[in-house]
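Reading through the structure tokens given below for one structure.
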Amino acid sequence: MQDINPIRGEAPVKIGAIDFRIAVTFSGLARLSQALGAKTIDEIYARLLGFEPKAVACAVRCLIVVDDADQLDALVAKILDDSNISLADQANWREAVEAALAGHVATGRIRRDERTANDIAADALLGKPVSPS
């Protein structure tokens with residue numbers, strides 16, 4: 001597995017014995033919304049954090065990041081196999097979803113330079129770029 005890219009809204013996940021990564025992107029959220037019949041991001045968020053089985057299964061398929069697209073179906077099947085996934089994975093899943101969503105939102109704000117003055121000052125102190133360009 002390649003390194004995690006939080007700027008891309010990626011987060012590591014461990015479900016059962018399998019480590020993988022997810023990325024929250026707008027297109028991924030659109031696919032997930034359609035698969036779930038969800039109307040709002042709030043509904044998607046609640047269903048993902050609530051570890052609703054259908055929402056998790058759809059999200060694994062819609063948000064997973066793979067190094068080799070040819071392995072996507074096999075990896076998703078292994079992750080969602082009853083011998084791998086259980087309710088015990090809820091905490092890991094919740095942490096990953098929250099991190100991926102936070103990364104997606106933070107990147108969007110930076111692109112729009114919607115950072116607060118405090119954020120800009122903190123970035124400057126930490127040696128990060130002060131402007132999005």
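Worth a mention:
- Checking each residue in region 90-115 for being at pLDDT 75 or above and not in a helix (DSSP H, G or I) picks out no residue at all.
- Condition broken by E43, with the remaining ones in (1) over 20 Å from I85 (Cβ atoms); (2) open to solvent by less than 70 Å² (accessible area, probe 1.4 Å); (3) touching a helix residue (DSSP H, G or I) at 6+ places or on another chain (Cβ under 7 Å) satisfied: (3)
- Only listed residue being exposed (fewer than 14 other Cβ atoms within 10 Å of the Cβ), among the small types (G, A, S) and out of contact with any helix residue (DSSP H, G or I) (no Cβ under 6 Å at 6 or more places or on another chain), chosen from A102, A96, A121: A121
- Of all residues in region 1-11, those satisfying the criterion of being closer than 24 Å to A74 by Cβ and open to solvent by 80 Å² or more (accessible area, probe 1.4 Å) are M1, Q2, D3, R8.
- Count - residues of region 46-69 that are over 20 Å from I4 (Cα atoms) and either open to solvent by 10 Å² or more (accessible area, probe 1.4 Å) or within 11 Å of the chain's Cα centre (by Cα) (or both): 11
- Of the helices (runs of 4 or more DSSP H) lying entirely inside region 1-80, not one is found with 2 or more residues being over 23 Å from R109 (Cα atoms) and polar (S, T, N, Q).
- Check on I110, out of contact with any helix residue (DSSP H, G or I) (no Cβ under 6 Å at 6 or more places or on another chain) and farther than 18 Å from V13 by Cβ: yes
- Among the residues of region 23-40, those identified as open to solvent by less than 20 Å² (accessible area, probe 1.4 Å) and in contact (Cβ under 8 Å) with a residue 40 or more places away in the chain are A23, V24.
- Checking N84 against (1) outside any loop (DSSP other than H, G, I, E, B); (2) in contact (Cβ under 8 Å) with a residue 12 or more places away in the chain; (3) surrounded by fewer than 17 Cβ atoms within 10 Å (Cβ to Cβ), the condition it does not meet: (1)
The values are calculated or read from the model by the stated rules, or taken from the named source; none is laboratory data. The structure presented is a predicted model; accordingly, all values stated were derived computationally and were not measured. Neighbour counts are summed over all protein chains in view; Cβ atoms, including those assigned to glycine, are modelled from backbone coordinates with ideal geometry. Accessible surface areas use protein heavy atoms only, side chains included; no ligands, DNA or RNA. Shrake-Rupley method; radii C 1.70, N 1.55, O 1.52, S 1.80 Å.
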